[in-house]
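S.K.: One structure coming up, written as structure tokens, with questions to follow.
The values are calculated or read from the model by the stated rules, or taken from the named source; none is laboratory data. This structure is a prediction, so every number in the text was calculated from the model and none was measured. Neighbour counts are summed over all protein chains in view; Cβ atoms, including those assigned to glycine, are modelled from backbone coordinates with ideal geometry. Keep in mind that these areas ignore ligands, DNA and RNA; they rest on the heavy atoms of the full protein, side chains included. Shrake-Rupley method; radii C 1.70, N 1.55, O 1.52, S 1.80 Å.
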Amino acid sequence: MIKILITGASGYIGSSLYFHLKRKYKILAIDKNKNSFFKIKLCNLLNQKKIEKLLKEFKPNTIVHLAGQSLVDETIGKKKYYDNNCKATKNLIHAMKKNNIKNIIYSSTAAVYKYKNTKLKENDVLIPKSTYAKSKLFSEKIITKSKINYLIMRFFNACSALDKPLVIGELHNPETHLIPTLIYKNLFKKKMYIYGNDYNTSDGTCVRDYIHVKDICEAISKSIVYLEKKSSRSSILNIGTSYNYSIKKIISIVEKITKIKSLLYFKKKRKGDTDTLICDNTRAYKLLKWKPKNSNIKKIIVDEIRWIRFFSKRGIVRKFKNYF
Ligand code: UDP
């Protein structure tokens, strides 16, 4: 049986992926933090000896490397991004080489590109702005130079939740992303802050490419199969939908579904946000025969509502970051 090691398995994509792949592969889920949904092996990637030992014992065919400092917040400090993204990746690659582990799938971000208001392709110019995006690009380079087979995935706006084999989704603390914030605040009739309504878009609010986490899990699942082939070639792939929605458009669809009016407050722009971010995913389709099948905006919203009801019933409360 093919063996897969997932780093960052307690995180949003990691925990979703664990349940998505569980029945197909033998999985070792590792993270530096526990989670409330399944058992993981505690391991901080900064502990070089421990990761080497785990790889030696488990001998995975492929590592899905999702661990990282993902909250985009310039007040966090450069060292945390360097340690948890770059140094952790360096340690992991070193341990892979030592144990002759051949394949890695890495979660990078669309934030590495130079801003453009048309669809982004993998060979477009890269100018990461945030410390987060810079650390992700640096980690990409560690991997591309390593001579290990890789698929690097540049995720666009990951969102929503799985409904099968169980309900599981996003629980960042604090939550900063649009979809989980907007829907939660709509359902619980809390104040929703929109950061900027004078962007250069059709209605003045930001336009993004929102991709359902289930489509991300499927892209990773196909990548695992791809990397097992003798003919596989390393590549960098955009993982997004190429659909684009403004914030106002999403609000109107959420309100139609929940039949609740959002309590909207328009605030100034958030530092570092750009008006448009859309994906060209042709390369991922060509290489993996992967297409996003679950990223219809209504499905994204309905699945997120199901997840919010699920964790709220268990007494979990979503916490938010206040920018202003
Ligand atoms: N956004 C907002 N209010 C929120 C959270 C996000 O207006 O409570 C906006 C944000 O300024 C950006 C868009 O929604 O224009 C998408 O933000 P998100 O953080 O989800 O993704 P990213 O900024 O990484 O594209």
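S.K.: For the stretch 306-324, give me the residue count where each residue is closer than 17 Å to residue 72 by Cβ and of a type in the set (S, T, N, Q).
M.R.: As a first pass, look at the stretch 306-324 and keep what is closer than 17 Å to residue 72 by Cβ: 319-324.
Okay, now just the ones that are also of a type in the set (S, T, N, Q), so 322.
Number of matching residues: 1.
Residue by residue, here is whether (1) aromatic (Phe, Trp, Tyr); (2) buried (at least 18 other Cβ atoms within 10 Å of the Cβ); (3) within 16 Å of the ligand (Cβ to nearest atom) holds:
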site: 123; (1), (2), (3): no, no, no
site: 144; (1), (2), (3): no, no, no
site: 159; (1), (2), (3): no, yes, yes
site: 171; (1), (2), (3): no, yes, yes
site: 180; (1), (2), (3): no, yes, yes
site: 183; (1), (2), (3): no, yes, yes
site: 203; (1), (2), (3): no, no, yes
site: 235; (1), (2), (3): no, yes, no
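S.K.: Return the residues of the stretch 279-302 that are within 16 Å of the ligand (Cβ to nearest atom) and either farther than 30 Å from residue 229 by Cβ or open to solvent by 70 Å² or more (accessible area, probe 1.4 Å) (or both); say none if nothing qualifies. Spell out how you get there, then give the answer.
M.R.: Kept after step one, since they are within 16 Å of the ligand (Cβ to nearest atom), are these residues of the stretch 279-302: 279, 295, 297, 300-301.
Matches in the stretch 279-302: 297, 300, 301.
S.K.: Of everything in the stretch 205-223, what is part of a loop (DSSP other than H, G, I, E, B) and either surrounded by fewer than 18 Cβ atoms within 10 Å (Cβ to Cβ) or of a type in the set (S, T, N, Q) (or both)? Give them in sequence order. Spell out the reasoning first.
M.R.: Of all residues in the stretch 205-223, those part of a loop (DSSP other than H, G, I, E, B) come to 205-206, 209.
Listed by number, the list holds a single entry, 205.
S.K.: For the subset of the stretch 185-201 comprising residues that are buried (at least 18 other Cβ atoms within 10 Å of the Cβ) and among the hydrophobic types (A, V, I, L, M, F, W, C), which member is nearest to the ligand (Cβ to nearest atom)?
M.R.: Filtering first and then ranking leaves 194.
S.K.: Give the number of residues within the stretch 1-59 that are surrounded by 21 or more Cβ atoms within 10 Å (Cβ to Cβ) and among the basic types (Lys, Arg).
M.R.: Total satisfying the criteria: 0.
S.K.: Examine the stretch 93-108 for a residue that is within 15 Å of the ligand (Cβ to nearest atom) and either open to solvent by 10 Å² or more (accessible area, probe 1.4 Å) or out of contact with any Cys (no Cβ under 6 Å at 6 or more places or on another chain) (or both), and state whether such a residue exists. First the steps, then the outcome.
M.R.: Filtering the stretch 93-108 down to residues within 15 Å of the ligand (Cβ to nearest atom) leaves 107-108.
From what is left, the residues that are either open to solvent by 10 Å² or more (accessible area, probe 1.4 Å) or out of contact with any Cys (no Cβ under 6 Å at 6 or more places or on another chain) (or both) are 107-108.
Yes, because at least one residue in the stretch 93-108 is within 15 Å of the ligand (Cβ to nearest atom) and either open to solvent by 10 Å² or more (accessible area, probe 1.4 Å) or out of contact with any Cys (no Cβ under 6 Å at 6 or more places or on another chain) (or both).
S.K.: Out of the residues in the stretch 139-197 meeting the condition of being under 25 Å from residue 303 (Cα atoms) and among the polar types (S, T, N, Q), tell me which one is farthest from the chain's Cα centre (by Cα).
M.R.: First pass over the stretch 139-197, keeping only residues under 25 Å from residue 303 (Cα atoms): 153-195.
Adding the requirement that they be among the polar types (S, T, N, Q) leaves 157, 160, 173, 176, 181, 186.
Values: 157: 7, 160: 11, 173: 15, 176: 13, 181: 16, 186: 23 Å.
The extreme case among them is 186.
S.K.: List the helices (runs of 4 or more DSSP H) that sit entirely inside the stretch 1-116 and contain at least 2 residues that are aromatic (Phe, Trp, Tyr).
M.R.: 12-21
S.K.: Right, here's the next one. Please verify whether residue 129 is more than 24 Å from residue 9 (Cβ to Cβ), open to solvent by 20 Å² or more (accessible area, probe 1.4 Å), assigned to a helix (DSSP H, G or I) and within 16 Å of the ligand (Cβ to nearest atom), treating the condition exactly as stated. Let's see the steps before the verdict.
M.R.: Details: more than 24 Å from residue 9 (Cβ to Cβ): yes; open to solvent by 20 Å² or more (accessible area, probe 1.4 Å): yes; assigned to a helix (DSSP H, G or I): no; within 16 Å of the ligand (Cβ to nearest atom): yes.
It is false that residue 129 is more than 24 Å from residue 9 (Cβ to Cβ), open to solvent by 20 Å² or more (accessible area, probe 1.4 Å), assigned to a helix (DSSP H, G or I) and within 16 Å of the ligand (Cβ to nearest atom).
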